[in-house]
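Have a look at the structure below, then the notes.
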There are 2 protein chains.
Amino acid sequence: MKITIADIARMANVSKATVSRVINNKPEGVSKETRENILRIIKESGFQPSMVARGLVTKKTKSIGLIITDIANSFYPLLVRGVEDYANKYGYSLFLCNSDNNPEKEKGYINAFIEKSVDGVILSSSMNETSFHYNILKSKNIPLVVLDRCVEGDQYDASVFFDNTKGAYIAANYLVNRGHKKIVFISGPKSLIISRHRLDGYCMALEEKNIEIDEDIIVEGDFQFDSGYNRIIELLDKGKEFTAIFACNDLMAIGAIMALKSRNIEVPKQVEIIGFDNVDISRYIEPQLSTVGQPAYEMGVEGAKQLIKLIEGKKISNKDIILKPNLVLRETTI
Amino acid sequence: MKITIADIARMANVSKATVSRVINNKPEGVSKETRENILRIIKESGFQPSMVARGLVTKKTKSIGLIITDIANSFYPLLVRGVEDYANKYGYSLFLCNSDNNPEKEKGYINAFIEKSVDGVILSSSMNETSFHYNILKSKNIPLVVLDRCVEGDQYDASVFFDNTKGAYIAANYLVNRGHKKIVFISGPKSLIISRHRLDGYCMALEEKNIEIDEDIIVEGDFQFDSGYNRIIELLDKGKEFTAIFACNDLMAIGAIMALKSRNIEVPKQVEIIGFDNVDISRYIEPQLSTVGQPAYEMGVEGAKQLIKLIEGKKISNKDIILKPNLVLRETTI
DNA sequence: TTGAAAGCGATACCAA
DNA sequence: TTGGTATCGCTTTCAA
């Protein structure tokens, strides 16, 4: 039998209203003695107020929804950790969902969030367009923070982005400054905005030094190990020449390393490589991967911070937070 | 303005009860026309029933709580994915929490789950003892499924375990059959039950072949990369002889490989190594790590399956599911 | 400082 | 096939 506020009220010989004041820490409206007495009874009885009953009247559930594409994708665990840590600190629970880049699934999750009356949602969308979600959430007064991906003119209440263009730029720039002229670019799926941004950064760095952009060594992967491996094997088989590789994520970079190794090409002596993400694995492979660090944990924290401000009606100083990349030089570069 | 069941009732010229019947798909009690009419109005108005109001009366929230130690720990993402996939299929949302092996944090999360009236909880506990949680959850009628870790005599409604003893046994047995007599055992924290189980498996394999157990080469790590690295360096510095290593997780095994490499000891030619977990990384390092596969995704799925059966009052055929290990032989063994 | 009562948005029982 | 109404556990006026 669950024990309710009415039970506590009866046991303490007061009204429900008084008990309510106590469990909500209302400073006034209840004498010291009654408060202490009620507190004691609550403790002894192990009473815990029901958030669902409370939620029905306050319209707050102290829970937030987070949609990512796939927690098994190495970039996300830290991001999720960042969100969870911050949310927990402020008393919020986190609903976690994996969209698998499937817009239908994503919509389903947004609907579930609405039905469950989450206080806010954080979305690392698989769609390049969040206006649809924004509008439906808006109509229910649920704030939306988008992470990581987006397009100009998109709609949301706040965002945390990573400066992808700059990230690619500093990597390519490093390579260019080392004297490389033939730098393979292994892109993510071209349909993604971030892929375009990173390509921009790559091109910027080359153009700055008047290096011709060779379309033949700009190839498309899918962020998986195998695509990095295969693209490099293909280039090698076609006899394309190159002395450096910039891959749009670490997994593809590692695939590239393996491809090179299988052809007895030495890294970094013959080919230098830089990846993107700074995933855990990159420290454990050999040679250790140089990469562009994406502060995933920080992104999670900042996202949660933005969202909770929005939920609690506080002003957010800047709607769009842009996180800076950092180049982590290890052993695949000289 | 949120639209409620009362609004729909008014618009359809029926009572709330009728609308309720429709949104809950009650087969009888409403004529075809009224049903269709109500459905149409619901669609047009974009009405979505509030789970919190519903939860107040039904005592079901269609959400479950999951506590793991740390999502950033490479074993968990797949586990979580398994839970989420299965839960989602049955309409449940998942609260994710990271306990960091901190019993106080764990209790805090359990309390939050109770306040939020989750329908059930899945726990991969940091404590070797779940009775405390079990009792408090029991009193609120919330089923508990424990994963991965436990001790005999512990209390829970169902469990999914991995046969750790057998896992360690098949690894050690493989090594023993290859002729090794000096096999280093890198344990996890000794305070953990799984560490003891794995040590048991290791000892069983050696004893079966009458190989003496040398306490000097049984060392304790903390599941982190560095501990694997350091323990091996220490053994090397002490001049201990060994020809194989069995590490209680992949990260420590990889640390061991790196330690060996730093001393120019060849793997697997001079020392063979087997890890535990079959984490993603193990395929990307060189040489690729041989390891004992823990079916993390399957564990998540089975856990969710057990829990949902419990929640929905279905009989569970066996309270304790034991998942079998599989030896994944790659390049650190011959 | 305290209490009585209305109301949040659904479900569910009992009548009609 | 329908509707009226009590109810779930809490918050929140308003009055005492």
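Table: residues versus (1) under 30 Å from A:Leu147 (Cα atoms); (2) assigned to a loop (DSSP other than H, G, I, E, B); (3) among the aromatic types (Phe, Trp, Tyr).
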{"residue": "A:Leu175", "(1), (2), (3)": "yes, no, no"}
{"residue": "A:Lys181", "(1), (2), (3)": "no, yes, no"}
{"residue": "A:Val184", "(1), (2), (3)": "yes, no, no"}
{"residue": "A:Leu199", "(1), (2), (3)": "yes, no, no"}
{"residue": "A:Asn210", "(1), (2), (3)": "no, yes, no"}
{"residue": "A:Leu235", "(1), (2), (3)": "no, no, no"}
{"residue": "A:Ala256", "(1), (2), (3)": "yes, no, no"}
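Taking only region B:174-196 into account, find how many residues are within 17 Å of B:Ile245 (Cα to Cα) and either of a type in the set (Val, Ile, Thr) or not assigned by TED's automatic domain parsing to the domain that holds B:Ile254 (or both).
The qualifying residues number 4.
Any residue in region A:245-262 that is surrounded by fewer than 18 Cβ atoms within 10 Å (Cβ to Cβ), farther than 21 Å from A:Gly167 by Cβ and modelled with pLDDT of 95 or more? So that I can check it myself, show each step before the final result.
To start, the set of residues in region A:245-262 that are surrounded by fewer than 18 Cβ atoms within 10 Å (Cβ to Cβ) comprises A:261-262.
Imposing the further condition that a residue be farther than 21 Å from A:Gly167 by Cβ reduces the set to A:261-262.
Then drop every residue that is not modelled with pLDDT of 95 or more, which leaves none.
Looking through region A:245-262, none of the residues is surrounded by fewer than 18 Cβ atoms within 10 Å (Cβ to Cβ), farther than 21 Å from A:Gly167 by Cβ and modelled with pLDDT of 95 or more.
If you scan region A:264-301, which residues turn out to be away from chain B (no Cβ under 11 Å) and in a helix (DSSP H, G or I)? Can you show your working first?
Of region A:264-301, the ones away from chain B (no Cβ under 11 Å) are A:264-278, A:290-295, A:298-299, A:301.
Passing the criteria: A:Glu298, A:Met299, A:Val301.
Being more than 7 Å from DNA strand D (Cβ to nearest atom), surrounded by fewer than 18 Cβ atoms within 10 Å (Cβ to Cβ) and of a type in the set (S, T, N, Q) is the filter here, so list the residues in region A:15-45 that pass it.
A:Ser15, A:Asn25, A:Ser31, A:Thr34, A:Asn37, A:Ser45
Give the residue that is nearest to B:Glu312 (Cα to Cα), with candidates limited to residues of region B:75-85 that are surrounded by 20 or more Cβ atoms within 10 Å (Cβ to Cβ) and more than 7 Å from chain A (Cβ to nearest Cβ). Even if it seems obvious, please write down each step before you answer.
Start the filter on region B:75-85 by keeping residues that are surrounded by 20 or more Cβ atoms within 10 Å (Cβ to Cβ), which leaves B:75-84.
Subsequent filtering for residues that are more than 7 Å from chain A (Cβ to nearest Cβ) retains B:75-76, B:79, B:82-83.
On the way: B:Phe75: 29, B:Tyr76: 26, B:Leu79: 22, B:Gly82: 19, B:Val83: 16 Å.
Filtering region B:75-85 for residues that are surrounded by 20 or more Cβ atoms within 10 Å (Cβ to Cβ) and more than 7 Å from chain A (Cβ to nearest Cβ), the one nearest to B:Glu312 (Cα to Cα) comes out as B:Val83.
For every residue, the table says whether it meets (1) farther than 18 Å from B:Cys97 by Cβ; (2) in contact (Cβ under 8 Å) with a residue 24 or more places away in the chain; (3) not assigned by TED's automatic domain parsing to the domain that holds A:Ile114.
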position: A:Gly29; (1), (2), (3): yes, no, yes
position: A:Ile41; (1), (2), (3): yes, yes, yes
position: A:Gly46; (1), (2), (3): yes, yes, yes
position: A:Ala53; (1), (2), (3): yes, no, yes
position: A:Ile67; (1), (2), (3): no, yes, no
position: A:Ile71; (1), (2), (3): no, yes, no
position: A:Phe75; (1), (2), (3): yes, yes, no
position: A:Tyr90; (1), (2), (3): no, yes, no
position: A:Asn98; (1), (2), (3): no, yes, no
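Could you please give the count of residues in region B:244-295 that are of a type in the set (S, T, N, Q) and farther than 21 Å from B:Ser195 by Cα?
Counting residues in region B:244-295 that are of a type in the set (S, T, N, Q) and farther than 21 Å from B:Ser195 by Cα gives 4.
Exactly one condition in (1) closer than 21 Å to A:Ile254 by Cα; (2) in contact with a Gly (Cβ under 8 Å, 6 or more places away or on another chain) is false for B:Ile281; which is it?
Every listed condition holds for B:Ile281 apart from (2).
Of everything in region B:62-74, what is within 30 Å of B:Ser20 (Cβ to Cβ) and at the interface with chain A (Cβ under 9 Å from one of its Cβ atoms)? Give them in sequence order.
Quick first cut of region B:62-74, residues within 30 Å of B:Ser20 (Cβ to Cβ) only: B:62-65.
Result: B:Lys62, B:Ser63, B:Gly65.
Does any residue of region A:46-61 turn out to be within 21 Å of B:Tyr109 (Cβ to Cβ), more than 8 Å from chain B (Cβ to nearest Cβ) and surrounded by 17 or more Cβ atoms within 10 Å (Cβ to Cβ)? First the steps, then the outcome.
Within region A:46-61, the subset within 21 Å of B:Tyr109 (Cβ to Cβ) is A:46-55, A:60-61.
Among the residues that remain, those that are also more than 8 Å from chain B (Cβ to nearest Cβ) are: A:47, A:54, A:60.
Imposing the further condition that a residue be surrounded by 17 or more Cβ atoms within 10 Å (Cβ to Cβ) reduces the set to A:47, A:54.
Checked region A:46-61: at least one residue is within 21 Å of B:Tyr109 (Cβ to Cβ), more than 8 Å from chain B (Cβ to nearest Cβ) and surrounded by 17 or more Cβ atoms within 10 Å (Cβ to Cβ).
Within region B:5-37, count every residue that is among the β-branched types (Val, Ile, Thr) and within 19 Å of B:Arg54 (Cα to Cα).
Taking region B:5-37 and keeping what is among the β-branched types (Val, Ile, Thr), we get B:5, B:8, B:14, B:18-19, B:22-23, B:30, B:34.
Remaining after also requiring within 19 Å of B:Arg54 (Cα to Cα): B:5, B:8, B:18-19, B:22-23.
The qualifying residues number 6.
The values are calculated or read from the model by the stated rules, or taken from the named source; none is laboratory data. Keep in mind it's a predicted model, so treat the numbers as computed, not measured. Please note: Cβ atoms are built from the backbone with ideal geometry, for glycine as well, and neighbour counts cover all protein chains shown.
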